[in-house]
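All of the numbers you see were taken from the coordinates with simple rules; none came from a lab. Bear in mind the structure is a predicted one, so any value in this text is a computation, not a measurement. Note that each Cβ is placed from the backbone with ideal geometry, even for glycine, and that neighbours are counted across all protein chains shown.
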Amino acid sequence: MKAARILSALILVAAICLTGRAVYLRAKAGLAGVLIRRAWEQNIQSGRPHAPWPWADTHPIARLRIPRLGYDEIVLEGATPRTLAFGPARLQSEAGMGEPGNLVLAGHRTSWFKPLEGVQKGDAIELEWFDTRRARLHERTYVVTAIRIVEPEEVTLLGPTPDDALTLVTCYPFGHGPNSPQRYIVRALPLAPDAGIQSGLKLESP
């Protein structure tokens, strides 16, 4: 009887610990999101990159929106495992913000890019970024032209392109299952040339 009570107590303590950890992780993620958005606003106001917290090895570089899905996330620089824990991020091996070529953004299938399971061909994707060299905020609208599920070794869609393109990539299937052996890739092409948009700064004409 005593052993049963001890076992029950241990199970209860373990459950409390696990619940507490889940609450802590959710709170940490929520706070990180607030700090990242604040850093993005500081980028726009000051015209230079701001880290979301002092020891961060990344900074916000863009805002990614998919209006039909109500999707709105801040993109971070450098798609490392540590950075991807806090948001979608740019693959540094491909085109940079505003540069010609294939801009590739990665995100986790369980969080930042899970909404991509609802994306459709023809959907608009809006990308906003700040050009620190010219002190201008830019916005470019892309249209989804292809959605592919591929094997990890099929990297053609992630490589350089002669024309401008936006590529979003995550693991597949979506959700919290233990295995994600494939990749889910969304390819979008520009709808129109980028142009300066209104912000807290006085912007130049396009």
Tally, over region 40-57, of residues that are within 23 Å of Arg134 (Cα to Cα) and either assigned to a loop (DSSP other than H, G, I, E, B) or touching an Asp or Glu at 6+ places or on another chain (Cβ under 8 Å) (or both): 6
Single match in Glu128, Glu154, Glu117, Glu139 (criterion: under 16 Å from Leu76 (Cα atoms), of a type outside the set (A, V, I, L, M, F, W, C) and surrounded by 13 or more Cβ atoms within 10 Å (Cβ to Cβ)): Glu128
Pairs where the first residue, in region 109-133, is without any contact (Cβ under 8 Å) to a residue 40 or more places away in the chain and the second is outside any loop (DSSP other than H, G, I, E, B) and of a type in the set (Ser, Thr, Tyr), C-beta under 7 Å, 6+ apart: Lys121/Thr145
Unmet criterion (only one of (1) crowded, with 17+ Cβ neighbours inside 10 Å; (2) among the aliphatic types (A, V, I, L, M); (3) without any contact (Cβ under 8 Å) to a residue 40 or more places away in the chain) for Ile149: (1)
Residues that are among the hydroxyl-bearing types (Ser, Thr, Tyr) and assigned to a strand (DSSP E or B), drawn from region 61-114: Tyr71
Filter result (within 20 Å of Gly122 (Cβ to Cβ) and either charged (D, E, K, R) or outside any strand (DSSP E or B) (or both)) within region 162-192: Asp163, Asp164, Arg187, Leu191, Ala192
